[in-house]
Amino acid sequence: MSKRTDYQEITKKAQVLKYFRNEAGLSMRQAGAKSGFSPTTINHIENGRADIHKHHIQVLLAVYRKKMAEFRNLIVDGVPIYGRTQPLKTTF
């Protein structure tokens, strides 16, 4: 599992993964069951309380039936919200 921290930093990667999970219509529990990660790990990844490793991204993209190119595009372009694109929050 990723390193859990008390510090919260919601990265662009975390925002895109959460968007994809919601778009797939999966709860954190369902995403955890399909990925082999615990629902707590999914929560920590999406809410910036765990490091996101390439392995997490690859597994979750497979569960959400998304391609790495789609993931990268949303990192650059932002997450679509109600028919328009909302820029992703950057953390400093």
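Values quoted throughout were computed directly from the atomic coordinates according to the rules given, and no laboratory measurement underlies them. Predicted model, so just to flag it, every value in this text is computed and none were measured. Positions of Cβ are generated from backbone atoms using ideal geometry, with glycine treated the same way; all protein chains shown enter the neighbour counts.
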Exercise. Got at least one residue in segment 28-47 being surrounded by fewer than 18 Cβ atoms within 10 Å (Cβ to Cβ), part of a helix (DSSP H, G or I) and in contact (Cβ under 8 Å) with a residue 40 or more places away in the chain?
Worked result: no
For this session: Collect the residues in segment 50-70 that are surrounded by 20 or more Cβ atoms within 10 Å (Cβ to Cβ) and within 21 Å of Glu9 (Cβ to Cβ), keeping them in residue-number order.
Result: Ala50, His56, Leu60
